[in-house]
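What follows is a set of notes on a single structure, which appears directly below.
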Amino acid sequence: MDGSILIGLYIFVLALFAGAELISKVPPTLHTPLMSGSNAISGIAILGALMAAGNAKEMNITSIIGMLAVIFATINVVGGYMVTDRMLQMFKKKEKVTK
């Protein structure tokens, strides 16, 4: 196995533990801003995946993984914004219905 793959795997595992620890410490009132921030990060992931998928001259494993990354990051961004919008509507004042 190449050394760079091991370093990438090591960083990925550390990021998993750091992310799980960070998210478990966030109070529920800050979940909506945290979700919006993670949506922005997913937007950056889309750009990186487009660059990875777009550089290939022919269809190979890199372009397939890049295409899958674009699809999953797009689903994450759209779903995240839909959930954020729904949560923000819960905080709006409701108008009283007059008879």
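The values are calculated or read from the model by the stated rules, or taken from the named source; none is laboratory data. Values in this document were obtained by computation on a predicted structure and should not be read as measured data. SASA here: full protein model, heavy atoms, side chains in, ligands and nucleic acids out. Shrake-Rupley method; radii C 1.70, N 1.55, O 1.52, S 1.80 Å.
Taking the chain as a Gaussian network of alpha-carbon nodes connected by springs under 10 Å, the highest mean-square fluctuation of the residues ALA15, ALA40, ALA52 belongs to ALA15. Averaged per residue, the chain has 86 square angstrom of accessible surface, using a 1.4 angstrom probe with ligands and nucleic acids left out. Once the Cα-Cα distance is subtracted from the 0.36 nm per residue extended length, the GLU21 to LEU50 segment shows a gain of 7.5 nm. Note on the chain: helix-only mean residue ellipticity at 222 nm, from DSSP H runs of 4+ residues weighted -39500 (n - 2.57) and normalised by residue number, equals -27500 deg cm²/dmol. Take MET35: with every protein chain present and a 1.4 Å probe, its accessible area is about 60 Å². The Cα atoms of the chain define a convex hull whose projected area, averaged across directions, is 9.7 nm². On C-alpha positions alone, give me the angle between the axis of helix 3-25 and the longest principal axis of the chain, in degrees, nearest 10. Approximately 10 degrees, to the nearest ten.
In units of the compact-protein estimate 2.2 N^0.38 Å, segment 52-98 shows a Cα radius of gyration of 2.04.
Pairs of Cα atoms nearer than 8 Å and 6+ residues apart set the relative contact order; for the chain it is 27 percent.
With a 1.4 Å probe and all protein chains left in place, how much of the accessible area of the chain comes from carbon and sulfur atoms, in whole percent? Carbon and sulfur: 73 percent of the exposed surface of the chain.
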